[in-house]
Ligand code: ZN
């Protein structure tokens, strides 16, 4: 069995941002030369997510509105976690959007259903953060 590991770095200019990282994961897969197996992609921080969904701007707006209803950023004082930090909402948003995805690799390609794309979801950005890519297989 072969294995491959890589860290991808992100620094968003906004507090919250959704980034399509499908091309980056495909590049990792090509670099790994693994054609049958699994790829795990996970956020290495507890205020950001990796998830799979549609790359459609209306939906991305809907995610922002929905997450702000569930865990509004402000007022910061509404959260016990906020003291030294102001990112309680980001922890909650990350939990809902998920930590990681696993995708099957078949014939050297990500074995997606229709419209599936991999996203990095940043909820407390403007600093360097990492995503882990681990690929195992043959
Ligand atoms: Zn925190």
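Could you tell me whether any residue of the range 116-128 is at pLDDT 95 or above, out of contact with any strand residue (DSSP E or B) (no Cβ under 9 Å at 6 or more places or on another chain) and farther than 14 Å from residue 16 by Cβ?
no
Kindly indicate whether residue 29 is in contact with a strand residue (DSSP E or B) (Cβ under 8 Å, 6 or more places away or on another chain) and loosely packed, with under 15 Cβ neighbours inside 10 Å.
So residue 29 fails the test.
Just to check your reading of the model, which residue among 43, 71 is in contact (Cβ under 8 Å) with a residue 24 or more places away in the chain and either over 30 Å from residue 138 (Cβ atoms) or loosely packed, with under 14 Cβ neighbours inside 10 Å (or both)?
Answer to the selection: 71.
For the subset of the range 16-44 comprising residues that are within 16 Å of the ligand (Cβ to nearest atom) and in contact with a helix residue (DSSP H, G or I) (Cβ under 8 Å, 6 or more places away or on another chain), which member is nearest to residue 86 (Cα to Cα)?
Top of the filtered list is 16.
Can you give me the number of residues within the range 87-107 that are touching a helix residue (DSSP H, G or I) at 6+ places or on another chain (Cβ under 7 Å) and surrounded by fewer than 17 Cβ atoms within 10 Å (Cβ to Cβ)?
1
I need a count of the residues in the range 18-47 that are closer than 24 Å to residue 113 by Cα and within 10 Å of the chain's Cα centre (by Cα).
The number of residues fulfilling the criteria is 7.
Six or more apart or on different chains, Cβ atoms under 6 Å: show the pairs whose first residue is in the range 75-86 and farther than 15 Å from residue 46 by Cα and whose second is surrounded by 10 or more Cβ atoms within 10 Å (Cβ to Cβ).
From the range 75-86, the pairs are 76/82; 76/86; 79/88.
Count, please, the residues in the range 103-138 that happen to be within 13 Å of the chain's Cα centre (by Cα) and closer than 15 Å to residue 44 by Cα.
Total satisfying the criteria: 12.
The values are calculated or read from the model by the stated rules, or taken from the named source; none is laboratory data. Remember, it's a predicted structure, so these values are computed and weren't measured experimentally. No Cβ is skipped: glycine too gets one built from the backbone with ideal geometry, and neighbour counts run over all protein chains shown.
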